[in-house]
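Worksheet: the structure to be examined is printed underneath.
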Amino acid sequence: MTADFRHFYQKSWAERVAIVAEQTQLSAAEQALFKKYYLPQHHDIIENYLTDYPLPMGLAVNFVIDGQAHIVPMVTEEPSVIAAASNGAKIVKRAGGFRTTLKRREMIGQIVLEQLPDPQQTAALIESHAVRLLEVADAAHPSLKKRGGGARKLRTRILGAGYLSVDLFVDVQAAMGANMLNSMLEAVAKSIGVLTKTAPLMSILSNYATASLVKAECDIPVGLLQAGRYSGQLVAQKIAAASQVAQLDPYRATTHNKGIMNGIDAVAVATGNDWRALESGAHAYAVQAGQYRGMSCWTTDGQTLYGSLELPLPVGIVGGSIKINELAQLNQRLLGITSARDLERIMVATGLAQNLAAVRALVTTGIQQGHMHLQLKSLALAAGATPEEVPRLLQQLEQAPHQDLATTQRLIATLRRTGSTKKEETDD
Ligand code: NDP
């Protein structure tokens, strides 16, 4: 452990690889991995760039959203996500598809003032200058106004303990808007500093994007939900019950919501969007009533299962690294979208489809049946199977009493030795 990491960010790519190799004693084959996934255009996106990190990208199918058919590119390493999204979307497609609503698309940023002896008075002073401050915001990023966007509203909130938040609402058009908004906020903060004779504590966008809400809904005739020996009506009742449990219990709600974000994050990554921003906003929205709850809601009257999901989804189709990410651009074409609003609609529908499939499986056959087939493929590959060996291995693994790494490795060894896994079958 002797390598020198000082000024690492100033080193060339080859120097960085050499330093890391020295520090961690990498073999030539290990170093070659950096080269294998290296993309020169990514060099300047992040600090200390070494290489890219590949993740699988696939397509979820069967989506009908607001009367339009969509295919949905997803980037995820979790085997069952795309199958579940396609499965949920297929059921909803038979029921006529998803409906979405999106009222407005504005980002909110905060300028926080501190140590105010009279926050109410300061708030009143700032609000009386709102028009001028909105002009200052627009002047800090004039191209946004030219595109039809710009600063829309200013609001003050007294936070207590001498703090005041000045919230700026901005129509960020086709972008997610974080950087644009932050530039506008810093300009407004300077003006507020002069106006109030105080130095603001900080200026930054809020990821609690309550002015960028989008909702997906669907009405499914219960007959479409039948699963194995479970009638559609019973499945609908069980899905509604599972939804109620997620409203009552944060332990269940967290997993319920993880399933929803499985779909949304995978589309966010595929389109070059900031999934951390979406995650933080979505979970904050899930606790808006004071207790963390399931993000979606399912109810039934015995004939129809009604589903809905509303989330803040401030995404962009431009900005950030999207323009230099060829696959993110291509995925916009696959999605058939030309606006950030369209992307929000597809993402929220994907979350609801994902949730429907997961909860339906959970309350009927159990989650493992669908999961395990796909997980076993990953297990076979992780144990060293070649793609040609996987189908035969899967047949054996599905029968094996233990579906673990050691068993899989033994099955592979037997397959290679005898051309069959039969012996292992009897061994186990
Ligand atoms: P950018 O800083 O890239 O700004 C958007 C760019 O898109 C601008 O250059 C703008 O051009 C251009 N653009 C082209 N066409 C349009 C259009 N129709 N509408 C709007 N803009 C257009 O990205 P964002 O401001 O969107 O910020 C997103 C990035 O910020 C993400 O990478 C995110 O990870 C990061 N971020 C997130 C934070 C958070 O979530 N808390 C905090 C800080 C950064 P022009 O300049 O001509 O207007």
Expected output for region 172-185 (first residue closer than 18 Å to Thr271 by Cα, partner more than 6 Å from the ligand (Cβ to nearest atom) and outside any loop (DSSP other than H, G, I, E, B), Cβ below 7 Å, 6+ apart or cross-chain) is Val172/Met107; Val172/Leu181; Ala174/Ala340; Gly177/Met107; Gly177/Val170
Report, by residue number, each residue of region 284-313 that is in contact with a helix residue (DSSP H, G or I) (Cβ under 7 Å, 6 or more places away or on another chain) and within 16 Å of the ligand (Cβ to nearest atom).
Leu311, Pro312, Leu313
For Gln396, all conditions in the list (1) over 26 Å from Pro56 (Cβ atoms); (2) touching a helix residue (DSSP H, G or I) at 6+ places or on another chain (Cβ under 9 Å); (3) at pLDDT below 90 hold save one; what is the number of the exception?
(1)
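Give me the helices (runs of 4 or more DSSP H) completely within region 309-385, filtered to those with at least 2 residues that are under 30 Å from Gly148 (Cα atoms) and open to solvent by less than 10 Å² (accessible area, probe 1.4 Å), ordered by residue number.
Numbers: elements: 326-335, 340-363, 367-382.
Correct list: 326-335, 340-363.
Looking at Leu201, Leu185, which one is of a type in the set (A, V, I, L, M), more than 16 Å from Gln120 (Cβ to Cβ) and in contact with an Asp or Glu (Cβ under 8 Å, 6 or more places away or on another chain)? Steps first, please.
Details: Leu185 fails: in contact with an Asp or Glu (Cβ under 8 Å, 6 or more places away or on another chain).
Testing whether each residue is of a type in the set (A, V, I, L, M), more than 16 Å from Gln120 (Cβ to Cβ) and in contact with an Asp or Glu (Cβ under 8 Å, 6 or more places away or on another chain) leaves just Leu201.
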Between a residue in region 46-73 that is in contact (Cβ under 8 Å) with a residue 60 or more places away in the chain and outside any strand (DSSP E or B) and any residue that is aromatic (Phe, Trp, Tyr) and open to solvent by less than 70 Å² (accessible area, probe 1.4 Å), which pairs come within a Cβ distance under 9 Å, given they are 6 or more apart or on different chains?
Asp66/Phe98
Enumeration of residues in region 302-330 that are farther than 17 Å from Gln41 by Cα and either of a type in the set (D, E, K, R) or modelled with pLDDT under 95 (or both):
Glu310
Scanning region 18-45 residue by residue, those under 22 Å from Leu55 (Cβ atoms) and in a helix (DSSP H, G or I) turn out to be Val20, Ala29, Glu30, Gln31, Ala32, Leu33, Phe34, Lys35, Lys36, Pro40, Gln41, His42
In region 77-105, what residues are among the hydroxyl-bearing types (Ser, Thr, Tyr) and either open to solvent by 20 Å² or more (accessible area, probe 1.4 Å) or part of a strand (DSSP E or B) (or both)?
Thr100, Thr101
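The values are calculated or read from the model by the stated rules, or taken from the named source; none is laboratory data. Small disclaimer: the values here were computed from a predicted structure and weren't measured. Note that we place each Cβ from the backbone using ideal geometry, even for glycine, and neighbour counts take in every protein chain shown. SASA here: full protein model, heavy atoms, side chains in, ligands and nucleic acids out. Shrake-Rupley method; radii C 1.70, N 1.55, O 1.52, S 1.80 Å.
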